[in-house]
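Here the structure is laid out as C-alpha cells; the discussion comes afterwards.
Read the figures in this text as sums done on the coordinates, not as results from a lab. Remember, it's a predicted structure, so these values are computed and weren't measured experimentally. Heads up, the Cβs are rebuilt from the backbone with ideal geometry, glycines too, and the neighbour counts pull from every protein chain shown.
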Amino acid sequence: MRIVSLLPSATEILFALGLDPEIVGVSHECDFPPRARTKPVVIHSRMPHDASPAEIDALVREYVHRGESLYAVDAAVLEALAPDLIITQDLCHVCAASPDDLATALTRFDRRPEVLCLNPQDLGDVWRDILWVGEEACRGPQAEALLKETGARLGALEEQLPRSADRPRVAFLEWLQPFYVGGHWVPEMIHRAGAEDVFGTARTPSFRIAIEDVIDAAPDILLIAPCGYAAERARDEYKSMSFPEPWHAIPAVRNGRVYALEANSYFSRPGPRLVTGIEALAKLFHPAVEVSSEAEAGALPIPANAHTRAASS
C-alpha cells in the first residue's frame, strides 16, 4: 500500500504502526519521527515563515474571512506518488490540510485513492482513530497493541495520583498573542493528570479569552503551550511579553508555577504521544508521581517574574 499523510498526527500513527515503507508522502509539518522528514512533501503552507504570533492570528482571520485555504497541495507531486490511501483531517483548518484542499488535486487522478478524514474531539476519538488508521492500512493487530500499551501507561499513572478531591486549578494557553485556551482533548488530559481546567471543556474547540479573564480566574498553575511550539520557543515568547501589574499577583505567577510545554510533541497533535503529555502534566501537578524521563522533559519551568516586563500604565 502507498500512503500519503497530510497531517503530522497521522504520520506519527503510521510510523508507530510500522508503516515506514508504505509512507510515500507527507505534509511540510510532518517531523516526527525524524525519518518523516525524508519523505516527499506534498503540501505547503501559505503563511510566511517569519510571521509573528500576532501576524499569524491576523492572517488566519483574513484567510478564513475570504474563504481561502491556508495550504497548497502540490497536485503534480501527489499524482506522481500514486497513493492508494490519503489521510487528512477536518478538525482544524488552521493546523493542517482539510478535505477541501484535496478536492482540486484529486480531479486529475484516473484512479482515485481512498481518503481517510480524521476529526477527533477528545481522547477517546484519538484512540479510535489509531484503530481506524490501523484497519485501513492493514495493521489492525499493531494498532490494538499500541492502544493496549497506552491503556497500561494510563492505568499505572492513575494508581499513583492522590485520591484527594483537592485538584490544582490550571489555565492552559495554546496561543499568547492573543490568548486562546486549549480545547478538545486538552481539558481531558488535564483532568486525567489530576487537575482542573479553569477554562476549557472536553470536546469544545479552543476559544479566545482576554488577559483579564486569566487574572480573574487566578489559576494555581499556568501552562504556556502555543500550538505547534517547542517548550523553548513557548518560554521565550512568554518572557518577551509585557503584563499588567495584576498579572504578577496570579497565584501561578506569584508562586513560580508557570511552565512552558512541548506542545508540538505532546499536546497539539492528536496522536500516540498524547499519553506522554498526560504523564508530563501529572508530574507538574503532583511532583511525587514517577514518569519517564521523556515525560519529565516535556515541561520547562519559567521562574516567577523571569524577564517578563510589566506593562506601563
P(r) over all Cα-Cα pairs of the range 161-313, 10 Å bins from 0 to the longest distance, whole percent per bin, short to long, reads 12, 46, 35, 7, 0
Nearest-0.05 FRET efficiency for ALA297 and ALA103 at R0 = 30 Å, using Cβ-Cβ distance, is 0.15
The alpha-carbon center of the range 141-158 and that of the range 207-265 are separated, in whole Å, by 31
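What value does the chain have for Rg/Rh, both radii from Cα atoms and Rh as Kirkwood defines it?
With Rg and the Kirkwood Rh in hand, the quotient comes to 0.98.
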Under 5 Å from the placed amide H of ALA230, counting only residues 5+ away or on other chains, we find ASN264
As a percent rounded to 5, the proportion of antiparallel DSSP bridges among beta bridges in the chain is 35
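Based on the Cβ-Cβ distance from GLU245 to ALA54, what FRET efficiency comes out when R0 is 22 Å, to the nearest 0.05? Please report the intermediate quantities before stating the final value.
Working: r = 22 Å, r/R0 = 1.02.
Result of the calculation: an efficiency of 0.45.
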Once phi for every residue in the range 150-163 is put through the Karplus expression 6.51 cos²θ - 1.76 cosθ + 1.60 (θ = phi - 60°), the whole-Hz ³J(HN,Hα) values, with Gly and Pro written as x, are 4, x, 5, 5, 5, x, 5, 5, 4, 5, 8, 6, x, 7
Residue separation between MET1 and ASN255 times 0.36 nm, minus their alpha-carbon distance, gives in nm 86.1 nm
Pseudo-spin-label distance ALA82 to ASP20, built 7 Å along Cα→Cβ, given in nm, is 2.5
If every Lys and Arg gets +1 and every Asp and Glu gets -1 at its Cβ, then about the Cα centre the chain yields a dipole, in debye to the nearest 20, of 280
